[in-house]
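Colleague: Here you go, one structure.
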Amino acid sequence: MILACRSLPSLDPNPESPASWVQAVGQSNTLAPMTSNPESASRQYRIAFVLGGGGRWGAVELGMLRALVDANLKPDLVIGTSIGAFNGAVFAADPSAAGIARLERLWDEVASADLLGANLFERVRSFTRLRVAIQDASPLRELLEQALPVRTFEELEVDFQCVAASIERAAEHWFDHGALIDALLASAAVPALFPPVEIQGEHFYDGGLVNSVPVDKAIELGASEIYVLQVGRLEQPLRPPKRIYETALLAFEIARRHRFGSLRDKTLPGVEIHVLPSANPVEFDDRRQLRWSDMSETAGLTEAAYDATSQYLDELREQR
């Protein structure tokens, strides 16, 4: 069953009852990755944290993680897409209050260093050199090297996987072992903003293109209690377009949400899915999306999500 934040639109015909989902666990249409960790398939997972993509709004996931730690919830598995992969990897390295403090320092560093706010000259120079992007990913790599106490998936305290979009195979690719930072950069390589990341001769773009909120991967791996950390888009229902420019935005949002939406139409026996509240509902035409490099809202987003998620978890604990 799904237990979602109140503002998440229900697809259940009976709004008074919890929406139930069904799926044949163990079935997957995901293409096999170049390499995979055979131990992942044999491990038993119960609690999974799934962190979706969302750029600068990924700050809400920091607040959610802090609330989950305060509630003494420790995952057996962490799964991430894009900025959710960054947050998830740092957390998986140390799923404790100290790990949350490390993640907070990472976000503070991003905001203070203005890594995504390069001036026009720098962007022109990057585009001239890279041809396919306006930002160089080198500053992000350096930041991750400072924030992460480990360099491989195997060294993480909690099992972690992240997804990216393979250009050559036009398919999702799951990273679960080996070099960690390259995989994270691949998962967060937003087209046109960052260049594609090459790993073993294959090129990758942002995982949000193929699986923005990868709940299905957690189910495939056997998790029965799943906490979904999302940035607020799922809390706002879509509507028909009113202006010509909204048609493209709406089409992109449908493409981004369809896997999560299709999964929500099903029931999953023995699986609880908790969509944590972001306190940051994002309409598909939200003009704040134009300020993709503006990190000034980070502290406010984090605290609001922490308060909302703490309240949700308190209520959940009372129900059990």
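The values are calculated or read from the model by the stated rules, or taken from the named source; none is laboratory data. Quick caveat: nothing in here was measured; it's all calculated off a predicted structure. Virtual Cβ from ideal backbone geometry, glycine too; neighbours counted across all protein chains shown. With ligands, DNA and RNA removed, areas are computed over all heavy atoms of the protein, side chains included. Shrake-Rupley method; radii C 1.70, N 1.55, O 1.52, S 1.80 Å.
Colleague: Provide a single number: the residues in the stretch 58-81 that are open to solvent by 10 Å² or more (accessible area, probe 1.4 Å) and either among the aromatic types (Phe, Trp, Tyr) or closer than 23 Å to Ser296 by Cα (or both). Lay out the reasoning, then the answer.
Modeller: Filtering the stretch 58-81 for residues open to solvent by 10 Å² or more (accessible area, probe 1.4 Å) gives 66, 69-74, 76.
From what is left, the residues that are either among the aromatic types (Phe, Trp, Tyr) or closer than 23 Å to Ser296 by Cα (or both) are 66.
Within the stretch 58-81, residues that are open to solvent by 10 Å² or more (accessible area, probe 1.4 Å) and either among the aromatic types (Phe, Trp, Tyr) or closer than 23 Å to Ser296 by Cα (or both) number 1.
Colleague: For residues that are among the hydrophobic types (A, V, I, L, M, F, W, C), open to solvent by less than 50 Å² (accessible area, probe 1.4 Å) and not in a helix (DSSP H, G or I), tally how many sit in the stretch 167-196.
Modeller: 7
Colleague: Among the residues of the stretch 240-268, which ones are assigned to a loop (DSSP other than H, G, I, E, B) and either open to solvent by 70 Å² or more (accessible area, probe 1.4 Å) or at pLDDT below 85 (or both)?
Modeller: So in the stretch 240-268, the residues assigned to a loop (DSSP other than H, G, I, E, B) come out as 240-243, 265-268.
Within the stretch 240-268, Pro240, Lys242, Arg243, Asp265, Lys266, Thr267, Leu268 qualify.
Colleague: Tell me which residues, restricted to the stretch 142-166, are in contact with a Pro (Cβ under 9 Å, 6 or more places away or on another chain) and surrounded by fewer than 16 Cβ atoms within 10 Å (Cβ to Cβ).
Modeller: Within the stretch 142-166, Glu155 is the sole residue that qualifies.
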